[in-house]
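Right, one structure below, let's go through it.
The values are calculated or read from the model by the stated rules, or taken from the named source; none is laboratory data. These figures come from a predicted structure and were not determined experimentally. Glycine also receives a Cβ, built like all others from the backbone with ideal geometry; neighbour counts cover every protein chain displayed.
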Amino acid sequence: MLNSNLPEPELLKALLEPLLEDFNYWLDRSANLLETEEIPFLSDEEQSDLLARVKQAQQEVGAAKGLFQATGGQVGIETTALMPWHRLLAECWQVSARFRSLQSRSPWKIRKRVQVKFEVKSPTLGNVAAHLTTSNKFPVNKLLLAETLL
């Protein structure tokens, strides 16, 4: 619990500094999710828009944090400036929870936006190269594919 006897600048620093750190942390996690995963229930445009809004909020939080630090914690941030960040994070948390829920029910665990390349060497088949791209629309289980090729 916070000490209500703290002078105003110290109280402001005790509240605002960890709050801005939390915003940074959750915005970074949201950006990482949106940059590395294909979210099947969002169109590409919706996902790009959400990522753009997250990146904008990251810049705003960074600017607020810089101003707060530059003034030695002598300035506050209006609640009206904090609320859009909070609403954006609530939206990102909902997307993340729904995505993780879908992912946990899916037998296909490859969900990254990466291209997977591997080579299978077999005495009977010779060298067989398999190139596949993972996506949420066409998930590929590379171990199952490798067993099938062998």
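Restricting to segment 22-34, count the residues that are more than 21 Å from Met83 (Cα to Cα) and surrounded by fewer than 18 Cβ atoms within 10 Å (Cβ to Cβ). Steps first, answer last, please.
Pass one, segment 22-34, residues more than 21 Å from Met83 (Cα to Cα): 32-34.
When the remaining residues are screened for being surrounded by fewer than 18 Cβ atoms within 10 Å (Cβ to Cβ), the result is 32.
Of the residues in segment 22-34, 1 are more than 21 Å from Met83 (Cα to Cα) and surrounded by fewer than 18 Cβ atoms within 10 Å (Cβ to Cβ).
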Identify, by number, the condition in (1) of a type in the set (A, V, I, L, M); (2) at pLDDT below 95; (3) part of a helix (DSSP H, G or I) that Leu6 doesn't meet.
-> (3)
Close pairs (8 angstrom Cβ cut-off, 6 or more residues apart or separate chains): surrounded by fewer than 15 Cβ atoms within 10 Å (Cβ to Cβ) in segment 35-54, among the aromatic types (Phe, Trp, Tyr) anywhere = Phe41/Phe99
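Does Phe68 meet the test of being exposed (fewer than 12 other Cβ atoms within 10 Å of the Cβ), of a type in the set (Phe, Trp, Tyr) and more than 12 Å from the chain's Cα centre (by Cα)? First the steps, then the outcome.
On the way: exposed (fewer than 12 other Cβ atoms within 10 Å of the Cβ): no; of a type in the set (Phe, Trp, Tyr): yes; more than 12 Å from the chain's Cα centre (by Cα): yes.
No, not satisfied.
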List every residue pair whose Cβ atoms sit under 8 Å apart, with the two residues 6 or more apart in sequence or on different chains, where the first one lies in segment 65-83 and is under 12 Å from Glu17 (Cβ atoms) and the second, anywhere, is among the acidic types (Asp, Glu).
-> Phe68/Glu17; Gly73/Glu10; Gly73/Glu17
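Looking at the structure I just gave you, is Glu21 in a helix (DSSP H, G or I), within 16 Å of the chain's Cα centre (by Cα) and within 27 Å of Ser106 (Cβ to Cβ)? Before the answer, list the steps.
On the way: in a helix (DSSP H, G or I): yes; within 16 Å of the chain's Cα centre (by Cα): yes; within 27 Å of Ser106 (Cβ to Cβ): no.
Criteria not met by Glu21.
Hey, does segment 82-104 have a residue that's of a type in the set (Ser, Thr, Tyr), surrounded by 11 or more Cβ atoms within 10 Å (Cβ to Cβ), modelled with pLDDT of 95 or more and outside any loop (DSSP other than H, G, I, E, B)? Write out each step before concluding.
Going residue by residue through segment 82-104, those that are of a type in the set (Ser, Thr, Tyr) are 96, 101, 104.
Okay, now just the ones that are also surrounded by 11 or more Cβ atoms within 10 Å (Cβ to Cβ), so 96.
Next, from what is left, pick out any that are modelled with pLDDT of 95 or more: 96.
Those left that are additionally outside any loop (DSSP other than H, G, I, E, B): 96.
Within segment 82-104 (the criterion being of a type in the set (Ser, Thr, Tyr), surrounded by 11 or more Cβ atoms within 10 Å (Cβ to Cβ), modelled with pLDDT of 95 or more and outside any loop (DSSP other than H, G, I, E, B)), the answer is yes, since at least one residue qualifies.
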Could you pull out the residue among Glu60, Glu37 that is at pLDDT 95 or above, in contact with a strand residue (DSSP E or B) (Cβ under 9 Å, 6 or more places away or on another chain) and of a type outside the set (Gly, Ala, Ser)?
-> Glu37
Any residue at all in segment 105-114 that is modelled with pLDDT under 95 and in a helix (DSSP H, G or I)?
-> yes
